[in-house]
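Report on the following structure.
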Amino acid sequence: MEDLKALIREVPNFPRPGINFYDITTLLKDARGLRRVVDALAEQFADA
């Protein structure tokens, strides 16, 4: 999971001080990382 977190860029103090913005476009550009996230999310709803 830490390797996936490394694919998400944190922008501190944006849009204002004390708020952190997490930019997932870096994750979306990584095919393997995106596949792992989609698979993990789908697994959560497999029995729904």
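Odds and ends about this structure:
- Residue 41 vs. criteria in contact with a helix residue (DSSP H, G or I) (Cβ under 6 Å, 6 or more places away or on another chain) and either in a strand (DSSP E or B) or not hydroxyl-bearing (Ser, Thr, Tyr) (or both): no
- Test: residue 9 is in contact with a helix residue (DSSP H, G or I) (Cβ under 6 Å, 6 or more places away or on another chain) and either surrounded by 10 or more Cβ atoms within 10 Å (Cβ to Cβ) or of a type in the set (Ser, Thr, Tyr) (or both): yes
- Of all residue pairs spaced 6 or more apart or on separate chains, those with beta-carbon atoms under 6 Å, a first member in segment 31-48 that is closer than 15 Å to residue 3 by Cα and a second member that is part of a loop (DSSP other than H, G, I, E, B) are 33/7.
- Filter pass, residue 18 being small (Gly, Ala, Ser) and assigned to a helix (DSSP H, G or I): no
- Filtered residue count, segment 30-48, keeping only those that are under 11 Å from the mean Cα position of the chain (by Cα) and charged (D, E, K, R): 2
- Here 31, 48 are screened, and the one residue that is at pLDDT 95 or above and among the aliphatic types (A, V, I, L, M) is 31.
- In segment 1-30, the residues that are touching a residue at least 24 places away in the same chain (Cβ under 8 Å) and within 17 Å of residue 41 (Cα to Cα) reach residues that are surrounded by 12 or more Cβ atoms within 10 Å (Cβ to Cβ) and among the charged types (D, E, K, R) with C-beta atoms within less than 6 angstrom, at least six apart or across chains, in these pairs: 7/30.
The values are calculated or read from the model by the stated rules, or taken from the named source; none is laboratory data. Only a predicted model underlies this, so the values are computations on that prediction, with no experimental measurement involved. All Cβ positions, glycine included, derive from the backbone under ideal geometry; neighbour counts span all protein chains shown.
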